[in-house]
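See structure below.
What follows draws every value from the coordinates through simple rules; no lab data is involved. Remember, predicted model here, so these are calculated numbers, not experimental data. Because the Cβ atoms are built from the backbone with ideal geometry, glycine has one as well, and the counts that use them run over all protein chains shown.
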């Protein structure tokens, strides 16, 4: 089998071998190649042998490369079996000394791609077993026994071929017999590597399709042609942009983000992989208390940079709560969790998002247009991970065009920018003494960072009790929706803590006492007694300072 037949499948992976093959042919040139001469090993004279130092010197002069690069290239040539060592056959490296090497015959080159079958390997092991009188290496014994069981049905043929080759080899002169034995051993060291050696010819799994194979044109159906026509029509409708404009945009983007490129501009205070200083990871943690100035300035580049950063999202959420529109970012995050979360929980998450954000009278109802709402509600009949894309895009554009500009001008962002840290560059610490060097640390584990984020969110949710609404009920009483730290809560005309009632619901708040409310005198005129609310909070073992009251759209404590 040659590279023109079955080896076509491996041609893209073996292009570098053809380059090595061309280089080896130049090395064997009688005029400009490596200097070769007869060398004596023990009492045997080996023709056309060369030393490792001569090979390295030829590579340096021929390719104009450094000695280190020539050493690396020489090791590749030996490992792939184009040159084999005579004195230490198992050590497939090129030694830069007087060690003797010899060129492999082209029949055994890897580019020939003839398969190293089990039968040929069994014949080789049997021949060595006859020659060594049963003294084989450990891995050769294991392979010999394994092949004896695997191809036992033709083992007589294997033994006959091994004896015939052994007898033919004894008829050759000593130098040729020694050279042929070294060639065979070098070939099988490359194709059947012993344990602990790297198999350089391991191609992995075979490809399903051959990239060099001509594809057969199948007859197109009417549906396929219609799709192709639709694709080209949509392509024609797109607005064309001049190459100068596109290149200008790329240049502008590169200049804008050049200061944030750790490779081009470096990272402050230092690269932790070089200086062994973990301060860079500590300052740029996802939810660090005080971020760096470069990180905060990046939020002002565009909205996607802000919403992609967990710390930026946290700051933006705080701003939206001040504007009483925090449900927008909460809905966007819930859609992201639905899209990239567990597929088995898509239906449950979709129902939860609908009840929390989209249902009429939802606790965190979002304001989207009727057309988008109709598309979303129809899609929720058969939920999937992208069912809320239309509503998510609407909310995203609303935050980008409306809230983002006000956030950059708000005191929250300006205060964050003023408090941001500007780390100073640190120098690399090095020591020649091993006991003075610091131990290397790995980067923070994503699992640990995710656990810290979940714990921070849990603490934030546990420290707040929201009374999100106060509105007159059917009897004209001022009622409030209350919420416990563990997430329980609800709506209804049930009083808090009254015997016979479940936890959760609206709390009628009145001046004379709990449950004795007067009719509302108009929008925003409902009053509640501070002492009544504090007494009810103590009765339910709640901390009064954690209770929020929203009256007429204004938050009070």
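Before moving on, here are some points about what is shown:
- Between residue 279 and residue 337, the contour length at 0.36 nm per residue exceeds the Cα-Cα span by 17.8 nm.
- For the range 214-363, convex hull of alpha carbons as volume per residue, Å³: 311
- Taken over the Cα atoms of the range 117-208, the convex hull encloses 128 Å³ per residue.
- Once both labels are positioned 7 Å from their Cα atoms along Cα-to-Cβ, the gap between residue 449 and residue 229 label points is 5.1 nm.
- Inter-centroid distance (Cα atoms) of the range 297-357 relative to the range 128-188, Å: 70
- Remark: 156, 276 ranked as 156, 276, counting other beta-carbon atoms within 10 Å and listing the fewest first.
- Counting every other Cβ atom within 10 Å of each residue's Cβ, 24, 225 order from fewest to most as 225, 24.
- Extension gain, residue 300 to residue 384, is 26.9 nm, computed as 0.36 nm per intervening residue step minus the present C-alpha separation.
- Panel order for 274, 421, by other beta carbons found within 10 Å of each beta carbon, from fewest to most: 274, 421.
- Rounded, prolate or oblate (a/c below 1.5 giving rounded, otherwise prolate when a/b exceeds b/c) for the range 319-437 by Cα gyration tensor: oblate
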